[in-house]
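A short worksheet on the structure shown next.
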């Protein structure tokens, strides 16, 4: 017969200080775990969300990132004449030769600087990316040195609000609009007209060509066509594949998250185990009595494991609460990390999702099982006679 | 000190409990040592703080924009400049695209590089001389050379990314410095290639100023000189230059520090819980000790020392584990991930050891404080009357 749950619950309540402290510790650990996972989730989402298998990015063979690639005007013209791309209502093919550069811009505090990617695109470049929407102001006009900026970026850096002028070196751009790219990697970029950018940089070349196709099969055929063209010497990738490869950027953060998660979990399990051992040793007589009135070893074992589980579950819930507090108070702004391939900053938001929350609870439960099993095992093995004799 | 034995015995009275508590300290301290060392590795200063006289000139718009080589002579002529070299970030692919094969690749001028600019790096004069004489030769940081097992005379091929050129280089020998994740080869190797921009551009200029006071003047003079040219410059001290990369990881730093603080707080609570449990069980004993003539101060000292001793033991083991087991294991195991490039400079420094010691003592004192005060305030009669 099983020992009623009420027995465990009352025991936990009776030792308020010790229970509270252990649950609190587990709460902290779960909160840390959730924060690092939310970070990983944020990075992963930034690089995977909205990257479509319908879009193709063409670069010079061997380039790992758009910034490293060089495409000549001739190559771009050749690509414009290739069949396949989707067309606008006006009949223009959605093929956008683009130039990517880095600029050094001051942060909002004005004291420190960071590197941000600037993307010069053809007028159809914006239409080729239907997931990107202007949320404030308007689109830039070619030939006027105007730019649009991701809304997230404008929060993190100085002089990037609508109407402000971005100055760097001898270049000037007037910000005329803010865009939202649904959390994708484009939210770490400044967009302007490719000819304006080429003129400012005195460069007569492009970095990559962005092409939108009717569906992913057409995209694959298009990639094959590029590969097959001996004169072109370019390499095409779907947008999805390109950003999957950039995912490497998130790897250090992921490794860090797992390191921290594993270590803190083991540490906290020891803490929980300690509390449960103390519970068992201070209740030796009680356990003897339970055995004497007929509860089996197994019910004792189960009962103590359940008690540990309750303790850790309380801690887990507390941890989720802490994590929510941290998210809503401190982590409301986007965070950045460096993309090693381009030396530019990638912005992302911490993301707490229901599976993550479930993961946090499962993490707490796992600590409960690990922390509760050995003390419970000891309790179950007590001999009735010695247990009852204990003072 | 004469009571050390008593404190020692009390710490090990309940072996299991002490073991578990110390284990959580071990784990936490291990983690903190790893995280701190990781941060240090990421922030590795190539000169170990001695680079105050060195400046980096980059394009005002930011990295990734070339500077014309014609600027070299004009920079050289500025009074106070000891030596200057153009440097170019080659960014080629070694072997394959896997992150473990990532290497920092810079072209420079060997005639002045180790002799006059990066002069606090250690390099065998014979190696330096041979490197100068070998146009396709390269020198590598000792750690990165060891990582790839390069022997003198080995050929490596770096497949160019933004520079359409495959560099075929010969390993000459190692140098040692704070940052050993880079290799250096001749500017001339690039200049004599068929790259369209060869002999025309550089990525940045790296220079040394004869004394620290002249640094701001020289930096301002360079930027002023090119202000209205096609390629305006931004001159930074070596430290500021490094910082712009760290800046991009600024949040990671904040995160690591935040995590460290929270888990320290958690482990303090775990230790406090243990010390409190053990003090509670010994109420009668403490009352007896008081009757025998030990003062309140003694009791306070005993309990506090127990907590500190326990956390020091845990901390000591944690540092040992981190230094001799986990960090070597991480370096070996993570060699295949993209964090491997930070791990080149991944070492436990003296300041990290000092930090670990301070943290252990701190956790002990914070955790032992409340239980110790409580025990010392206990009235003898109450203590003797209490049945545990």
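The values are calculated or read from the model by the stated rules, or taken from the named source; none is laboratory data. Note that the structure is predicted; figures quoted are calculated from it, not measured. With ideal geometry, Cβ positions are generated from the backbone for all residues, glycine too; neighbour counts draw on all protein chains shown.
I'd like the full set of residues that are surrounded by fewer than 23 Cβ atoms within 10 Å (Cβ to Cβ) and part of a strand (DSSP E or B), limited to the stretch A:102-113.
Applying the first criterion (surrounded by fewer than 23 Cβ atoms within 10 Å (Cβ to Cβ)) to the stretch A:102-113 yields A:102, A:104, A:106-113.
Hits for the stretch A:102-113 are A:102, A:104, A:106, A:107, A:113.
Of the conditions (1) at pLDDT 90 or above; (2) within 20 Å of residue B:111 (Cα to Cα), residue B:47 clears all except one; give me its number. If we test residue B:47 against (1) at pLDDT 90 or above; (2) within 20 Å of residue B:111 (Cα to Cα), just (1) comes out false. Scanning the stretch A:49-99 for residues that are over 24 Å from the mean Cα position of the chain (by Cα) and within 9 Å of chain B (Cβ to nearest Cβ), we see that the one that is modelled with the lowest pLDDT is A:62.
Flag: residue B:243 matches the condition of being out of contact with any helix residue (DSSP H, G or I) (no Cβ under 9 Å at 6 or more places or on another chain) and either within 20 Å of residue B:89 (Cβ to Cβ) or crowded, with 19+ Cβ neighbours inside 10 Å (or both). Being within 13 Å of chain A (Cβ to nearest Cβ) and outside any loop (DSSP other than H, G, I, E, B) is true of residue B:260. Among the criteria (1) surrounded by 15 or more Cβ atoms within 10 Å (Cβ to Cβ); (2) at pLDDT 75 or above, the one residue A:337 does not fulfil is (2).
Yes or no, residue by residue, for (1) touching a helix residue (DSSP H, G or I) at 6+ places or on another chain (Cβ under 8 Å); (2) in a loop (DSSP other than H, G, I, E, B); (3) surrounded by fewer than 19 Cβ atoms within 10 Å (Cβ to Cβ); (4) in contact (Cβ under 8 Å) with a residue 40 or more places away in the chain:
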| residue | (1), (2), (3), (4) |
| --- | --- |
| A:59 | yes, no, no, yes |
| A:63 | no, yes, no, yes |
| A:75 | no, no, no, yes |
| A:89 | no, yes, yes, no |
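If you go through the stretch A:165-207 and keep only what is crowded, with 21+ Cβ neighbours inside 10 Å and closer than 22 Å to residue A:91 by Cα, you end up with A:193, A:194.
If you go through the stretch A:114-135 and pick out every residue that is more than 13 Å from residue A:197 (Cβ to Cβ), more than 14 Å from every other protein chain (Cβ to nearest Cβ) and assigned to a strand (DSSP E or B), you end up with 3. Taking the criterion of being closer than 23 Å to residue A:68 by Cβ and in contact with a strand residue (DSSP E or B) (Cβ under 7 Å, 6 or more places away or on another chain), the residues of the stretch B:162-178 that qualify are B:166, B:167, B:168, B:169.
Evaluating residue A:210 against the criteria (1) touching a residue at least 60 places away in the same chain (Cβ under 8 Å); (2) assigned to a helix (DSSP H, G or I); (3) within 29 Å of the chain's Cα centre (by Cα); (4) away from every other protein chain (no Cβ under 13 Å) leaves one unmet condition, (2). Number of residues in the stretch A:154-178 that are outside any loop (DSSP other than H, G, I, E, B) and under 19 Å from residue A:197 (Cα atoms) equals 12.
Sort through A:203, A:231, A:221 and tell me the only one that's assigned to a loop (DSSP other than H, G, I, E, B) and not assigned by TED's automatic domain parsing to the domain that holds residue A:129. Walk me through how you get there before you give the answer.
On the way: A:203 fails: not assigned by TED's automatic domain parsing to the domain that holds residue A:129; A:221 fails: assigned to a loop (DSSP other than H, G, I, E, B).
Among A:203, A:231, A:221, only A:231 is assigned to a loop (DSSP other than H, G, I, E, B) and not assigned by TED's automatic domain parsing to the domain that holds residue A:129.
Among the conditions (1) touching a strand residue (DSSP E or B) at 6+ places or on another chain (Cβ under 8 Å); (2) surrounded by fewer than 23 Cβ atoms within 10 Å (Cβ to Cβ), residue A:214 misses just one, which is (1).
Kindly evaluate residue A:105 against the criterion of being in contact (Cβ under 8 Å) with a residue 40 or more places away in the chain, touching a helix residue (DSSP H, G or I) at 6+ places or on another chain (Cβ under 7 Å) and within 13 Å of another protein chain (Cβ to nearest Cβ). Give the steps one after another, and end with the answer.
Working: in contact (Cβ under 8 Å) with a residue 40 or more places away in the chain: yes; touching a helix residue (DSSP H, G or I) at 6+ places or on another chain (Cβ under 7 Å): no; within 13 Å of another protein chain (Cβ to nearest Cβ): yes.
Spelling it out, it is not the case that residue A:105 is in contact (Cβ under 8 Å) with a residue 40 or more places away in the chain, touching a helix residue (DSSP H, G or I) at 6+ places or on another chain (Cβ under 7 Å) and within 13 Å of another protein chain (Cβ to nearest Cβ).
Since residue A:236 meets every condition but one in (1) surrounded by 23 or more Cβ atoms within 10 Å (Cβ to Cβ); (2) in a strand (DSSP E or B); (3) within 12 Å of chain B (Cβ to nearest Cβ), which condition does it not meet? Exception for residue A:236: condition (3). Where strands (runs of 3 or more DSSP E) sit wholly within the stretch B:167-249, those with at least 1 residues that are more than 14 Å from chain A (Cβ to nearest Cβ) and under 31 Å from the mean Cα position of the chain (by Cα) occupy B:182-186, B:204-209. Selection within the stretch B:146-161: residues that are touching a strand residue (DSSP E or B) at 6+ places or on another chain (Cβ under 7 Å) and modelled with pLDDT under 90. The member of this set that is surrounded by the most Cβ atoms within 10 Å (Cβ to Cβ) is B:161.
Please specify each residue of the stretch B:71-95 satisfying the condition of being assigned to a loop (DSSP other than H, G, I, E, B) and closer than 22 Å to residue B:184 by Cα. Those that are assigned to a loop (DSSP other than H, G, I, E, B) and closer than 22 Å to residue B:184 by Cα: B:90, B:91, B:92, B:95. Each residue in the stretch A:1-52 was checked for being over 23 Å from residue A:264 (Cβ atoms) and free of Cβ contacts under 8 Å to residues at least 24 places away in the same chain, and 6 of them qualify.
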